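The values are calculated or read from the model by the stated rules, or taken from the named source; none is laboratory data. Just so it is clear, the model here is predicted, and its values are computed rather than measured. Quick reminder, even Gly has a Cβ in these numbers, built from the backbone with ideal geometry, and neighbours come from all protein chains shown.
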Amino acid sequence: MGSETVQDQPLFDAITQDVAPERPDTPLLLLDRTLRIHGCNSAYERVSRRRRDELIGQRVLDAFPDNPADPHANGTHNLEHSMDTAMSSGATHNMWVQRYDITDPAQPDEYLAKVWSPTNTPIYDRYQLLGVVHRVEEITDLDATLSVLAQAVEAGEGLSVTEQHHTLAAFSAALPIDRQSQQALAAENEQLRRALASRDVIGQAKGIVMEHHRRHRRRRATDQTVPRLEHTSNRGRAHPHQTRPLTRSQSHDLMPQQPGG
């Protein structure tokens, strides 16, 4: 850890202490300009299945590498691009939906299929850029994923067909079900992919999602392979899309004015 990084750590600790009580249920990760981790809250520890003392000082791309068994993995590339965009533009960058598998603490050589809805916001101390705060929500069901994907399409930032299919496949991988059910779920994922690739995204996909609920409600309710979080914010309204950077003096708000504003 470089000398500049060490000097910045007390400042990041102070920001973390300001932010954590205000956003106890929102997973937050604080990074410097080199994307080295300087802080996180307990909510982030829960969803990432990693302890704070494991993460501090690591570069985020090293702490969370791509799944080597997934040829379509692009989490590290997209995350780095989003964080760089946020810092260079001085505004929050919304990643909408990102498939990004994480290692299984019980089996370090294995990865857990995960889907997230992340945003990245630059952090300033007065006029000096300190780094970025990474805010993320885990998405654990298909209809929430579909909702955010549809919002991304409407905003002109939709995923490619390949990325859509790769994202939806995460739910098949997460469910310990028999071959017949696996094939049925794969067919549903293919229907969703086609709906998302068409113009009438919400209209065509709505019936598919409702049918999925009827057929899989009981199995999802008892499935304990993936911890559930509250995702009502992904349904029925636009995904939060911040446009203003985080300043040290207003770190509790996460939506302050730009420096000099």
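Being among the charged types (D, E, K, R) and at pLDDT 75 or above is the filter; apply it to region 20-41 and report the residue that is nearest to LEU61 (Cα to Cα).
Applying the filter and picking the extreme gives ARG36.
Just one of LEU61, LEU112 is closer than 27 Å to PHE12 by Cα and in contact (Cβ under 8 Å) with a residue 24 or more places away in the chain; which is it?
Every option except LEU61 fails the conditions.
Check whether at least one residue in region 126-145 is within 19 Å of ILE37 (Cα to Cα) and free of Cβ contacts under 8 Å to residues at least 12 places away in the same chain, and report yes or no.
Yes, the conditions are met somewhere in region 126-145.
Does region 72-88 hold any residues that are within 16 Å of GLY131 (Cβ to Cβ) and in contact with a strand residue (DSSP E or B) (Cβ under 8 Å, 6 or more places away or on another chain), and which are they?
Those that are within 16 Å of GLY131 (Cβ to Cβ) and in contact with a strand residue (DSSP E or B) (Cβ under 8 Å, 6 or more places away or on another chain): LEU79, SER82, MET83, THR85, ALA86, MET87.
Output yes when any residue across region 9-19 is surrounded by fewer than 22 Cβ atoms within 10 Å (Cβ to Cβ), at pLDDT below 95, under 29 Å from ASP141 (Cα atoms) and in contact with a strand residue (DSSP E or B) (Cβ under 7 Å, 6 or more places away or on another chain), and no when none is.
no
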